[in-house]
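Readers should treat all values here as calculations from the given coordinates under stated rules, not as data from a laboratory. From a predicted model like this one, the values you see are computed outputs, not experimental measurements. So basically every Cβ, Gly included, is an ideal-geometry build from the backbone, and we count neighbours across all protein chains shown.
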Amino acid sequence: MNVELKYNIEKRLSNLLEYLIILLMLVIPFSRSIMNLLCLLIFLVWIVKYFICSKDETEYKNIRRWLLILSVIILLTFINSIDLKLSLQKYIGEFLKYLIIFLVTLEVFKQKKQQEKLFISFLISSTIFIIYGLYQFLILENGSRLHSTLNNPNPAGTYLMICSILGISLLLINKSKFGNLFGFFYSIFSLIALVYTYSRGAWLGFLSSSLILIYYAYKKKFNYNLVVIITLLIIISIILFLPGKVIDRFESIIDFESSSIQQRFLQYSTGLKIFMDNPILGVGPGQFPLVYIKYKTPNAREFEHIHNLYLHLLVELGLSGFISLMIFSKIYFECIKKRIGNSSWYDFFMIGIFIGIGIHNMFDVTFLYSQIGLLFIILSALWLNKKDNWSFLH
């Protein structure tokens, strides 16, 4: 193939992938079907580009290698699957989808302007998500749990937790007036929406991450400004004037006698028994509800997953899959550590997200909810590539 023709094809395919990922970021919270269609298109374009064009795999070689190893290890966990078709659906619909979008984002979004456009698309979609969520809660459904366009309050809580952490990060680190002003209003509205999801795990995730970020900012001697103080006062005011239903929900976090908490304890004990019987390769992707029926105690309800991502992964992927994921995470953070110089608001934002989602998923599995997982994956890939400050928030 002619070198110039090959270059033009590669450029057009890269541009197409860029637009598809940006569009994906826009639609993630609004339509799962369109999101899945876009993921399929991205995969097909990426495959064509991979076979036609030159390949530069020198950057982040360890990350690519471990993703390949992880892919093979998760395939090995199929050995214990009761329903191979279901395992394959989960493997393609969750793991491979996350892997492909991560690699494409890493490969395509290397330039500052590209990264800015992608993040602006997140700001647009998340702002619409927050506004519609408040409209749904206050007017359409008048007091039911806020879920916005996700139709499930717990993933909505994770999404809004991510938005709230972004607002706090902008206020703590960003020095521009526009960044502070945007962070102020963005954090206030996202926090109000977060409160009314009644998602206890998301509340704990946000509180944990924001406290750690504020402490870290204090240790690094970042300048606190009036906006931060006002924001904290407003947050305190919101908490003080919460309706009784929200306060009861907060108190239920430590009510170990409640049926909800008791059911989770039953899940955890049953999950540990399943894991002990299948410690190396687990029961296979998507197999927990099929295996759980055999182990379920008389007082326990039926569940599709364990309300603890780490135990859920141990049960389905075994130690082999879980340890491989931990090794990949270690390699990822080693790459991040090499890249980070002076901490930026995006570094704070991503550290906050990892803490928040890590805490929330001790009590849930919202990371496996595609619309949350894909957002997290894209933002994480963007973090690896981000080297310069983005002009639109400075």
Which entries in the list Lys113/Lys330; Lys117/Lys177; Lys6/Lys113 go over 26 Å, if you measure between the two C-alpha atoms of each?
-> Lys113/Lys330
Provide Ser324, Ser33, Ser208, Ser199 in ascending order of the number of other Cβ atoms located within 10 Å of each residue's Cβ, fewest first.
-> Ser33, Ser208, Ser324, Ser199
What list do you get for Ser14, Ser71 if you sort them by fewest beta carbons within 10 Å?
-> Ser71, Ser14
How much net charge surrounds Val291 when only other residues with a Cβ under 11 Å from its Cβ are counted (Lys, Arg +1; Asp, Glu -1)?
-> 0
C-alpha center-to-center spacing [region 299-321, region 8-32] in angstrom | 33
Least to most buried among Cys335, Cys39 (fewest other Cβ within 10 Å first) = Cys335, Cys39
So which GluC sites (Glu not before Pro) in region 104-200 end up in coil per DSSP with only 14 or fewer other C-beta atoms within 10 Å?
-> Glu141
Under 14 Å, Cβ to Cβ, from Arg32 - net charge with Lys/Arg +1 and Asp/Glu -1 = 0
